[in-house]
Amino acid sequence: MREEVILDINDLRTSFLTDDFEVKAVDGVSLKLPKGKTIGIVGESGSGKSITALSILQLLDKPGKIVGGEINFKGEDLTKASNKEIRDIRGNEISMIFQEPMTSLNPVYTIGQQIRETLKVHEGLGKQNGTKRGIELLQLVGIPAPEERIKQYPHELSGGMRQRVMIAMALACNPDLLIADEPTTALDVTIQAQILELMNRLQREFGMSVIMITHDMGVVAETCDYVAVMYGGKVVEFQDVKSLFKNPKHPYTVGLLKSIPRHDADVDELEPIRGNVPSAKDMPKGCRFAPRCPFATDLCMEELPSLDKQDDDSEVRCWIYTDRWDGDPEVNVNERERTS
Ligand SMILES: Nc1ncnc2c1ncn2[C@@H]1O[C@H](COP(=O)(O)OP(=O)(O)OP(=O)(O)O)[C@@H](O)[C@H]1O
Ligand code: SF4
Ligand SMILES: [Mg+2]
C-alpha cells in the first residue's frame, strides 16, 4: 500500500475488564486506511467490528477499555489524546453513523434543531445560517422538500430518510474520516441500495476516507477498496476488494463468500459456515477458526498463526500459507479459483 495513510491502527487491544475476567473483544488489530479510500471490516456477529470502531472514537461503554496499541490518525496517536482533544476530533474530523438512526437522533427535537446544534458546536453557525446550511445538507443527501422536513421530528420520517439525516449530520463538518457501522442493515433492500449509492457519491465528492463495517459481502463489493476480515477479535485476512472476491485465501473468508447469495449461483448452492463464532470468554488456544475449519490440523489446534504478508501483498493468518503447514500439501482452499 503506497498511498498516503490517514489512519494507522497498530496492534489495538480493547478489553472488557471485570473483577475476575478479561474479555478480549479486539485482540491485536492492525489496519492501514489510505486517504480517500474505503476499507471494509467484515465478519460474523461478535468478531469485534464495532468495538474496533468505537475504540477509534473512544466511545466504549464501561467496562470497555483500550489496553494496548496505537491509533494513529493524521500522525497523532488517539489513544494518548485528552478527552477534550477527542471531543474536538469527534464529529469534526471523524464522524460515525450507526445502524439504527433512532438511537442517535433525539426524538424530542426537530431535525432542524439537531442539525443546527451540530453546526453550532462544530462550525459556530448561528440559527439563520444553521438552518440554511441544514437545508443544503438535507438536499445533498436526497431528502425531498428539505424546507419542510427540517421542521419535522425524527418519528415523522421513514427509516431510510432518518438514515439520510444521520448521513447529513455526519457530513455537516466535512469530516476526513467517516465510520459507518452497518449503516444499511436496518433498511429494506431498495433503500439500502440508494443509501450505499449516496455514500459512494458523497465519498467521491468530499474525498473522505471511510471505514465501512458490515457483515454483508454485497455491501463490501459495492463500496470498498480494501477489506479486513475479522474473526474472534483478530484480522484473519486483508486484501484489496477485487483480489478478495477473486482469490479469497483464509478458509473463513472462503466460507463467508460461499454463504452469500450470488447472481450466478442457485440458492441451494449456498453453504453456511458450520458451527458458531467462539465466545470472547472461551477462545480456542490455537487458530480461532480451528473448531470450524475443514482443514484444521494438530498445529492449528495448538498454535495461533500470525497475520503474514504474501507475495501478492495480501495478508493472511493461516498455517496453510506458511512453510510450517503440516496438513495435505495439495490443499487449495480457494475452490472458486479452481472451478472458475
Ligand atoms: N458491553 C460489553 N461487555 C462485555 N463484552 C462486550 C461488550 N460489548 C462487546 N463485548 C464483547 O466484544 C465482542 C465484540 O463485540 P462487537 O460489538 O465488536 O461485535 P461485532 O463484530 O460488531 O458484532 P455485530 O455484527 O453483532 O455488531 C463481543 O463478542 C463481546 O464478547
Ligand atoms: S490455521 Fe488451520 S484451522 Fe486456522 S484457518 Fe488455517 S487451516 Fe484452518
Ligand atoms: Mg457491531
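Points to keep in mind about this one:
- Any chance E85 is of a type in the set (D, E, K, R), under 29 Å from L187 (Cβ atoms) and not in a strand (DSSP E or B): no
- When the test is whether a residue is open to solvent by less than 30 Å² (accessible area, probe 1.4 Å), more than 21 Å from I213 (Cβ to Cβ), touching a residue at least 12 places away in the same chain (Cβ under 8 Å) and not basic (K, R), I115 passes it.
- Among the residues of the stretch 204-247, the ones that are more than 14 Å from ligand 1 (Cβ to nearest atom) and either at pLDDT 95 or above or open to solvent by 10 Å² or more (accessible area, probe 1.4 Å) (or both) come to 25 in all.
- Unmet requirement for V141, which otherwise passes all of (1) within 16 Å of ligand 3 (Cβ to nearest atom); (2) open to solvent by less than 50 Å² (accessible area, probe 1.4 Å): (1)
- Test: residue in the stretch 315-333 that is buried (at least 18 other Cβ atoms within 10 Å of the Cβ), in a strand (DSSP E or B) and modelled with pLDDT of 95 or more: yes
- The selection criterion, being in contact with a Phe, Trp or Tyr (Cβ under 9 Å, 6 or more places away or on another chain) and either farther than 25 Å from N276 by Cβ or more than 16 Å from ligand 3 (Cβ to nearest atom) (or both), does not hold for L59.
- Any hit, the stretch 98-109, residues being at pLDDT 95 or above, away from ligand 1 (no atom under 16 Å from the Cβ) and either buried (at least 17 other Cβ atoms within 10 Å of the Cβ) or within 26 Å of I211 (Cα to Cα) (or both): no
- Count - residues of the stretch 56-79 that are closer than 17 Å to I97 by Cβ and outside any loop (DSSP other than H, G, I, E, B): 1
- Breaking point among (1) away from ligand 3 (no atom under 16 Å from the Cβ); (2) open to solvent by 10 Å² or more (accessible area, probe 1.4 Å); (3) under 17 Å from the mean Cα position of the chain (by Cα), for P175: (2)
- Residues in the stretch 29-43 that are over 22 Å from N276 (Cβ atoms), in a strand (DSSP E or B) and open to solvent by less than 70 Å² (accessible area, probe 1.4 Å): S30, L31, L33, P34, T38, I39, G40.
- Looking across G91, G69, one residue alone is touching a strand residue (DSSP E or B) at 6+ places or on another chain (Cβ under 6 Å) and touching a residue at least 40 places away in the same chain (Cβ under 8 Å). It is G69.
- Screening the candidates Y226, Y153 for the property of being among the aromatic types (F, W, Y) and under 17 Å from the mean Cα position of the chain (by Cα) yields one hit, Y226.
- Residues in the stretch 44-64 that are within 16 Å of ligand 2 (Cβ to nearest atom) and open to solvent by 40 Å² or more (accessible area, probe 1.4 Å): E44 only.
The values are calculated or read from the model by the stated rules, or taken from the named source; none is laboratory data. This one's a predicted model, so the numbers in the text were calculated from it and none came from an experiment. Every residue, glycine among them, receives a Cβ derived from its backbone with ideal geometry; neighbour counts consider all protein chains shown. Note: areas computed on protein heavy atoms with side chains; ligands, DNA, RNA excluded. Shrake-Rupley method; radii C 1.70, N 1.55, O 1.52, S 1.80 Å.
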